[in-house]
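Quick notes on the structure that follows.
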Amino acid sequence: QVQLVESGGGLVQPGGSLRLSCAASGSIFSIYTMGWHRQSPGKPGESVATITSGGTTNYVDSVKVRFTISRDNAKNTEYLQMNSLKPEDTDDYYCYKRLGDDHRWGQGHQVDVSS
């Protein structure tokens, strides 16, 4: 069952910005580590960003400075603000929540950075 609902993907020009949202349900959002993973055919998957329940963030080197992960526990939602987008950022983005070794995933959204 889908417990995370994503929105905000789409087409954007290089250098532009996009904001992804991921709304969680069926759990106590505040206790989970939240994150974003990108994966598509022909590309290696990678963890883009994570944010712990305490607000500590981590980013893959290629998106540092450009991307910002955040969470709003009151709204049970995590966000990925993507600025200065590059064609290399084109991928399918999946949000997830994690507690220990257990992961729950969103349905994924395509991000296409091109002219």
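The values are calculated or read from the model by the stated rules, or taken from the named source; none is laboratory data. Keep in mind the model is a prediction, meaning the values are calculated, not measured. In this analysis, Cβ positions are derived from the backbone assuming ideal geometry, glycine residues included, and neighbour counts consider all displayed protein chains. With ligands, DNA and RNA removed, areas are computed over all heavy atoms of the protein, side chains included. Shrake-Rupley method; radii C 1.70, N 1.55, O 1.52, S 1.80 Å.
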Would it be correct to say that LEU11 is open to solvent by less than 20 Å² (accessible area, probe 1.4 Å), outside any loop (DSSP other than H, G, I, E, B) and of a type in the set (A, V, I, L, M, F, W, C)? no
Take GLY16 and tell me if it is in contact (Cβ under 8 Å) with a residue 40 or more places away in the chain, assigned to a loop (DSSP other than H, G, I, E, B), open to solvent by less than 30 Å² (accessible area, probe 1.4 Å) and out of contact with any Pro (no Cβ under 7 Å at 6 or more places or on another chain). yes
Yes or no: segment 75-89 includes at least one residue that is of a type in the set (A, V, I, L, M) and farther than 25 Å from LEU11 by Cβ. no
Would you please name the residue that is surrounded by the most Cβ atoms within 10 Å (Cβ to Cβ), looking only at residues in segment 60-115 that are in contact with a Cys (Cβ under 6 Å, 6 or more places away or on another chain) and closer than 24 Å to GLY42 by Cα? CYS95
I need every pair where a residue in segment 33-48 that is in contact (Cβ under 8 Å) with a residue 12 or more places away in the chain and open to solvent by 40 Å² or more (accessible area, probe 1.4 Å) has its Cβ under 7 Å from the Cβ of a residue that is in a strand (DSSP E or B) and among the polar types (S, T, N, Q), sequence separation at least 6 or different chains. HIS37/SER47
Looking only at segment 20-32, count how many residues are out of contact with any helix residue (DSSP H, G or I) (no Cβ under 7 Å at 6 or more places or on another chain), outside any loop (DSSP other than H, G, I, E, B) and surrounded by 14 or more Cβ atoms within 10 Å (Cβ to Cβ). 5
Tally time: how many residues in segment 34-93 are under 23 Å from VAL5 (Cβ atoms) and either assigned to a strand (DSSP E or B) or of a type in the set (S, T, N, Q) (or both)? 35
